[in-house]
Every structure is written in C-alpha cells, then in structure tokens.
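Participant: This is the structure, below, for whatever I ask next.
Here, each number is a calculation from the coordinates, and none is a lab measurement. Just so it is clear, the model here is predicted, and its values are computed rather than measured. Cβ coordinates were reconstructed from backbone atoms using ideal geometry, including for glycine residues, and neighbour counts include every protein chain displayed.
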Amino acid sequence: MIFLFIFTQALCGFEDNIYIKIAEDWQSKPFHYFLKGVSIVSHPEFDIIPPILFYTFNKKKIAKDGIFGFAFDIGIVYPLKIGINRQRPSGKSEAWNSSFPSGHTTFTFTQAVIYSHHYPRLKIPLFLYAGLVGFSRVYLARHYPTDVIGGAILGIGIGVAVIKLFD
C-alpha cells in the first residue's frame with residue numbers, strides 16, 4: 001500500500017514537471033498561434049465532417065466507420081469526463097468538459113486509426129497530426145500529459161474496436 005502511495009506521488013511530481021516544461025517554459029508566440037490553430041481545427045465536433053464527405057463521394061464503408069468512431073468517442077469520452085471530473089490545469093471546469101481524457105486527442109487518434117486502415121499510405125501523417133493535437137493540448141495549458149496519453153490510448157482502442165467490429 002505504501003509503495004502505491006509513493007509511486008503515485010512520484011508520478012504526479014513527474015507529470016507536473018513535464019507540464020510546466022511544456023506549458024510554461026517552451027512558450028513562443030508563433031508556435032503558440034500555430035498550435036492554437038491546430039487546436040481549433042481539431043475540435044471534436046469537426047470529426048463528423050470527414051464521414052459526411054466520404055458519404056457524399058460514395059465511400060460509404062469509410063463513412064460508416066468514421067461515424068461509428070465518432071459515436072463511440074462521444075459515448076465513451078463524455079461519461080468518462082463526467083465520472084472522473086479531473087479539473088483542468090487552467091482551473092475549474094464543468095464535469096462534462098473536465099480534463100481527463102483529452103477529447104481532442106481521443107477523437108483525433110480514433111480517426112487516425114480508422115482512416116489509416118482505409119488509406120495505409122496516410123498512416124504516418126495521420127498519426128503525426130494526432131500527436132501534434134495531443135501536444136497542443138498540453139502546450140496550450142488545457143490538459144495535463146496523462147490526459148493526453150489517456151486520450152491517445154483510448155482513441156487507438158476505439159479506432160481498433162470500430163475496425164474489428166465493422167470490417
């Protein structure tokens with residue numbers, strides 16, 4: 001029991017050090033604005049747009065996977081946020097908009113898994129973009145590193161589940 005307490009304290013201290021390094025020490029105005037743009041275009045609600053476009057261009061299988069990924073993300077992320085209710089680094093937030101897991105990161109990694117399954121040549125750019133989205137959330141002081149790591153793991157898991165269930 002004492003080992004778990006010590007491990008938890010060490011992990012929290014390590015996370016705080018990483019958070020401070022990224023969100024406070026690495027700041028530059030141009031990079032801040034660039035990552036703010038990344039954060040805006042990666043807003044989870046926008047992840048419904050690619051499935052609609054795929055459906056419009058008669059790519060129904062890809063559209064269906066994208067819609068299921070989006071629906072699973074909503075059905076899993078928001079109940080987790082409400083249940084865990086971890087406060088954001090910037091202060092108080094509503095339970096549905098709490099810090100863990102990072103919704104931006106979860107949704108982006110889910111879509112990266114799904115679309116790279118259908119377009120394997122896009123795997124590297126899709127996952128680099130998803131990683132950039134996750135990094136932006138810490139850099140912009142919206143999430144702690146474990147929120148982003150949890151979101152990435154969750155997003156990959158949801159993406160793989162969608163592919164396995166509907167392929």
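Participant: Specify whether the C-alpha gyration tensor of the stretch 38-77 places it in the rounded, prolate or oblate class, a ≥ b ≥ c being the square roots of the eigenvalues: rounded for a/c under 1.5, otherwise prolate if a/b is larger than b/c and oblate if not.
Facilitator: Oblate, because a/c is 1.5 or more while a/b does not exceed b/c.
Participant: I need the calculated FRET efficiency for the pair residue 24 and residue 48, taking r as the beta carbon distance and R₀ as 35 Å, to the nearest 0.05.
Facilitator: 0.55
Participant: Something else now. Using modelled backbone amide H atoms (1.01 Å from N, in-plane), which distant-in-sequence or interchain residues come within less than 5 Å of residue 88's amide H?
Facilitator: When sequence neighbours closer than 5 places are left aside, the close amide H contacts are 93, 99.
Participant: Apply the membrane-span-like helix rule to the chain: whole DSSP H runs, Cα extent along the own long axis of at least 15 Å, mean Kyte-Doolittle hydropathy at least 1.0. List the helices found.
Facilitator: Membrane-span-like by this rule: 2-20, 123-139, 145-166.
Participant: Sum -39500 (n - 2.57) across every DSSP H segment of at least 4 residues in the chain, then divide by the residue count to get the 222 nm mean residue ellipticity, nearest 500.
Facilitator: -24000 deg cm²/dmol
Participant: Across the chain, how many lysine pairs, 8 or more positions apart or on different chains, have C-alpha atoms separated by under 25 Å? Please give the number.
Facilitator: Final tally of qualifying lysine pairs is 16.
Participant: Over the stretch 2-166, calculate the relative contact order: mean separation of alpha carbon pairs under 8 Å at least 6 apart, over the residue count, as a percent.
Facilitator: 28 percent
Participant: Also, quick follow-up: For the pair residue 84/residue 14, report the inter-label distance in nm, with labels modelled 7 Å from Cα in the Cβ direction.
Facilitator: The modelled label-to-label distance comes out at 1.7 nm.
Participant: What spacing in nm lies between the two simple spin-label points modelled at residue 118 and residue 41, each 7 Å away from Cα in the Cβ direction?
Facilitator: Modelled inter-label distance: 2.0 nm.
Participant: Give the whole-number value, in cubic angstrom per residue, of the convex hull volume spanned by the C-alpha atoms of the stretch 52-111.
Facilitator: Enclosed volume per residue, from the Cα hull, is 74 Å³.
Participant: Another question, then. Rule-of-thumb check for the chain: C-alpha Rg over 2.2 N^0.38 Å?
Facilitator: Normalised Cα radius of gyration, the chain: 1.09.
Participant: Give me the distance between the Cα centres of the stretch 95-161 and the stretch 64-78, rounded to whole Å.
Facilitator: Measuring centre to centre over Cα atoms gives 13 Å.
Participant: Using only Cα atoms, figure out Rg for the stretch 70-159 and give it as a multiple of 2.2 N^0.38 Å.
Facilitator: 1.05
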